[in-house]
1. Within the range 326-336, is even one residue among the aromatic types (Phe, Trp, Tyr), more than 16 Å from the chain's Cα centre (by Cα), under 26 Å from Gly382 (Cα atoms) and assigned to a strand (DSSP E or B)?
2. Please give the number of the condition Asp246 fails out of (1) at pLDDT 95 or above; (2) not assigned by TED's automatic domain parsing to the domain that holds Phe126.
3. Return the residues of the range 327-352 that are aromatic (Phe, Trp, Tyr) and buried (at least 21 other Cβ atoms within 10 Å of the Cβ); say none if nothing qualifies.
4. Somewhere in the range 183-196, is a residue in a helix (DSSP H, G or I), under 34 Å from the mean Cα position of the chain (by Cα) and more than 27 Å from Asp265 (Cβ to Cβ)?
5. Regarding the range 136-145, can at least one residue be identified that is part of a helix (DSSP H, G or I) and either surrounded by 14 or more Cβ atoms within 10 Å (Cβ to Cβ) or more than 20 Å from the chain's Cα centre (by Cα) (or both)?
6. Please enumerate the residues belonging to the range 34-66 that are in a loop (DSSP other than H, G, I, E, B) and in contact with a helix residue (DSSP H, G or I) (Cβ under 7 Å, 6 or more places away or on another chain).
7. Taking only pairs six or more apart or across chains, which ones have beta-carbon atoms under 7 Å, a first residue in the range 246-258 that is of a type outside the set (A, V, I, L, M), and a second residue that is not in a helix (DSSP H, G or I)?
8. Scan Gly322, Gly294, Gly303 and give me the residue that is part of a loop (DSSP other than H, G, I, E, B) and modelled with pLDDT of 90 or more.
Amino acid sequence: RLSFIREQPNLLGTPKDERFSFKKCGESGTEISNLLPNLQGMADEMCFIKTLHTEQFNHAPAQMFALTGFERFGRPSIGSWTSYGLGSENQNLPGFVVLITGQVLGAGNSAFGSGFLPTIHQGVEFRSKGDPVLYLSNPDGVSHLDRKLVVDAVKDLNQVALDDVGDPEIATRISQYEMAYRMQTSVPELMDIESEPKHIHEMYGTKPGESSFANNCLLARRLVERGVRFVQLFDQGWDHHGGVFDNLPKKAKQVDQPIAALLKDLKERGLLEDTLVVWNSEFGRTPMAQGASGDGSEISKAGRDHHKEAYTVWMAGGGTKGGHVYGETDELGYGIAKDPVHVHDFNATVLHLLGIDHERLTFRYQGRQFRLTDVHGEVKKGVLA
């Protein structure tokens with residue numbers, strides 16, 4: 001099924017332009033687009049899955065399905081499940097942090113929501129420009145001591161309510177107030193990327209004080225260094241229904257340097273083997289053209305439609321098989337020819353790499369046990385080192 005192509009589909013080739021060619025890279029000979037020259041240098045660290053497929057072909061439900069295992073609102077996201085399963089290694093920062101470039105995605109905050117899990121596992125959005133965490137800073141005229149007195153008073157009131165009714169959400173509320181107070185000290189130091197040496201900024205392409213994917217990649221490394229379990233970056237602007245040959249190179253240029261720098265930086269610091277890096281999307285794009293008129297006839301303005309049948313993602317570090325390609329599609333990249341990977345399989349594999357058995361990570365809600373992969377999912381051992 002297609003979202004917007006209505007007429008007889010036409011295959012969309014690529015211009016005879018070296019930028020759109022693929023090159024064998026690294027010792028593994030993995031083929032990577034010339035639009036990503038920096039990532040080409042990291043080919044031997046990356047494990048590609050070419051046969052991921054999903055059940056949804058529109059943005060919001062596909063995002064929900066990819067991140068929560070269910071196409072409608074209300075389920076916990078994979079970051080929340082990870083926080084619930086592994087806990088936190090830093091008591092002064094959330095266990096699940098979100099960094100967004102551009103607009104909030106169609107699924108909204110539910111893409112990093114805790115659903116029916118305790119709200120302490122909700123993803124907390126940090127910002128690389130302006131106030132790092134909304135409503136965290138004290139208002140003018142309120143000192144740190146004033147804030148501490150308020151937090152202590154609220155804790156006492158919440159404790160009375162907890163003792164009275166025993167609601168676990170009250171205990172969560174107490175811990176969230178205390179976390180917010182501690183974050184007033186820990187977050188400013190974390191977000192001070194200007195303190196990084198010059199060569200790091202040159203490697204990532206970062207500019208302190210701006211909101212950018214590069215800044216978010218550097219912040220991701222700093223969060224991982226400080227023991228944050230799950231860091232999720234969202235980057236908007238890949239929905240190229242038209243003008244794909246103009247727009248795709250621009251987006252590739254924005255992400256190529258910083259994501260390659262993140263992989264290199266993690267490796268040089270000895271963190272990559274213990275950190276799983278995942279590059280994913282809610283679905284792929286069709287090999288057929290979608291023109292400005294929707295029928296593919298205006299090739300110079302053409303784009304590609306949503307495609308759920310087969311698309312490529314990659315992982316690096318964290319116990320994955322570097323320099324490896326898993327799965328094969330047909331010659332058009334439309335359907336799967338070998339080794340399919342359903343979204344539930346992919347999430348089961350990600351949890352496995354994080355040290356979690358997806359069948360045992362459950363939470364009882366409204367009379368039954370729930371899990372990220374529902375009653376599905378198979379760990380794909382072919383991507384494991």
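The values are calculated or read from the model by the stated rules, or taken from the named source; none is laboratory data. Values in this document were obtained by computation on a predicted structure and should not be read as measured data. Virtual Cβ from ideal backbone geometry, glycine too; neighbours counted across all protein chains shown.
1. Looking for residues that are among the aromatic types (Phe, Trp, Tyr), more than 16 Å from the chain's Cα centre (by Cα), under 26 Å from Gly382 (Cα atoms) and assigned to a strand (DSSP E or B), one finds at least one in the range 326-336, hence yes.
2. (1)
3. The initial filter retains those residues of the range 327-352 that are aromatic (Phe, Trp, Tyr), namely 334, 346.
Correct list: Phe346 only.
4. Within the range 183-196, one or more residues are in a helix (DSSP H, G or I), under 34 Å from the mean Cα position of the chain (by Cα) and more than 27 Å from Asp265 (Cβ to Cβ).
5. Yes, the range 136-145 contains at least one residue that is part of a helix (DSSP H, G or I) and either surrounded by 14 or more Cβ atoms within 10 Å (Cβ to Cβ) or more than 20 Å from the chain's Cα centre (by Cα) (or both).
6. Residues satisfying the conditions are Asn34, Leu35, Leu36, Gly41, Met42, Thr54, Glu55, Gln56.
7. Qualifying pairs under 7 Å: Asn247/His240; Pro249/Leu35; Lys251/Gly237; Lys251/Trp238; Asp256/Leu36; Gln257/Gly205; Pro258/Gly205.
8. Matching residue, one of Gly322, Gly294, Gly303: Gly322.
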